[in-house]
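Student: Could you have a look at this structure, given as structure tokens, before my questions?
The values are calculated or read from the model by the stated rules, or taken from the named source; none is laboratory data. Please read all numbers here as calculations on a predicted model, not as lab measurements. All Cβ positions, glycine included, derive from the backbone under ideal geometry; neighbour counts span all protein chains shown.
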Amino acid sequence: MINISGHLRDKRSVFGFCDESVDFMVNCCGKQIFLAQDYFLNREKGRLDYQLIYIYKGAGHFFLNQKWTALSAGNVVLYRPLEPQQYSYYAKDKPEIYWIHFTGSQCEAVLDRYSLENCYIGENLSVKMLFQYIITELQLKKQHYETIVLADFSILLSEIHRSLEQMLRPCENDFTIDRLICELNSKYMQDWSISSMADFCKLSNSYFSHMFKERMGVSPMRFLNNLRIEKAKDFLMTNSMSVAAAAQFAGFEDPLYFSRVFKKSTGIAPHEFYHSVADGNTPSWFQEEEG
């Protein structure tokens, strides 16, 4: 058995630690690999803290809802304080297990935020790496490690929630939409149309438009125009370009159309914005937006 762990405190306790004086705190985090020896745990009264278990490889056997259940790789199990814990790992299954214990007065609020319960998220390398980062930080205890541990744990919970959402609402074209969004962010000045975007994703125009809006909340051309307007703002602010030049560099061939879109998006005409920047004055609408 390989057992690697990191702990917040030098003192250890099989019952865990409860600390309601803090909002959220990681007590300890670890990794277990079972190669030749079986493992069985029975905590009839549970622990004082919360425990999250992630089966990355192999399988685990858990007593849940009054019966034993075999959970394959990709499953997440959550135990709340004082909840009985019974589970076992068999070497023949070659399990690779990650776990973390946490406490604090806001734990339930955090779990609600990420809709976290027992679930299946698949074999997620990002989740595995985040567990490993947390273990290392708790072992080395370098400057600001507590902050980094909490940040990594928040990202870990976000990754679990994102993976769960993708499992519940699978979209075979989600990856192609992601690729297009990255492409638009780097090649926003090119002559994009619904057809060229759909071709990039290898989808029909109507299906692409539907999938894009479902993914991003706005139509493809609205997304592109918003992106171009933000680029034009940057050009006008940092380079003091003329309105016509900023429009061209942002991907608008028609300066008049650019002006209409800019004003509709920001509430101010681009030439007014340009003169405010050139005079060294920040428009009031921009101050409000940035604040």
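Student: Can you find a residue that is on the phi > 0 side of the Ramachandran plot and in a loop (DSSP other than H, G, I, E, B) anywhere in the range 83-99?
Tutor: Within the range 83-99, one or more residues are on the phi > 0 side of the Ramachandran plot and in a loop (DSSP other than H, G, I, E, B).
Student: Looking only at the range 212-242, count every residue that is under 22 Å from Leu180 (Cβ atoms) and either in a helix (DSSP H, G or I) or among the aromatic types (Phe, Trp, Tyr) (or both) and tell me the total.
Tutor: Residues flagged as under 22 Å from Leu180 (Cβ atoms) and either in a helix (DSSP H, G or I) or among the aromatic types (Phe, Trp, Tyr) (or both) within the range 212-242 amount to 19.
Student: Out of the range 13-27, which residues are of a type outside the set (A, V, I, L, M, F, W, C) and either surrounded by 11 or more Cβ atoms within 10 Å (Cβ to Cβ) or not assigned by TED's automatic domain parsing to the domain that holds Tyr79 (or both)?
Tutor: Ser13, Gly16, Asp19, Asp23, Asn27
Table: residues versus (1) buried (at least 17 other Cβ atoms within 10 Å of the Cβ); (2) under 23 Å from the mean Cα position of the chain (by Cα).
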site: Ile55; (1), (2): yes, yes
site: Gly60; (1), (2): yes, no
site: Leu71; (1), (2): yes, no
site: Tyr79; (1), (2): yes, yes
site: Tyr89; (1), (2): yes, no
site: Cys107; (1), (2): yes, yes
site: Val110; (1), (2): yes, yes
site: Tyr120; (1), (2): no, yes
site: Glu159; (1), (2): yes, yes
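Student: While we're here: Inspect all residues belonging to the range 49-64 and state whether any of them is out of contact with any Phe, Trp or Tyr (no Cβ under 7 Å at 6 or more places or on another chain), among the charged types (D, E, K, R) and closer than 22 Å to Ser105 by Cα.
Tutor: no
Student: Further, regarding this structure: Looking at the range 76-120, which of the residues that are acidic (Asp, Glu) and free of Cβ contacts under 8 Å to residues at least 60 places away in the same chain is farthest from Ser163 (Cα to Cα)?
Tutor: Glu83
Student: Separate question: List every residue pair whose Cβ atoms sit under 8 Å apart, with the two residues 6 or more apart in sequence or on different chains, where the first one lies in the range 176-196 and is surrounded by 15 or more Cβ atoms within 10 Å (Cβ to Cβ) and the second, anywhere, is of a type in the set (S, T, N, Q).
Tutor: What qualifies is Ile194/Asn205; Ile194/Ser209.
Student: Here are Gly58, Gly122: which of them is in contact with a helix residue (DSSP H, G or I) (Cβ under 8 Å, 6 or more places away or on another chain), over 21 Å from Ser158 (Cβ atoms) and of a type outside the set (Lys, Arg)?
Tutor: The match here is Gly58.
Student: Within the range 234-241, is even one residue surrounded by 15 or more Cβ atoms within 10 Å (Cβ to Cβ), of a type outside the set (Ser, Thr, Tyr) and within 28 Å of the chain's Cα centre (by Cα)?
Tutor: no
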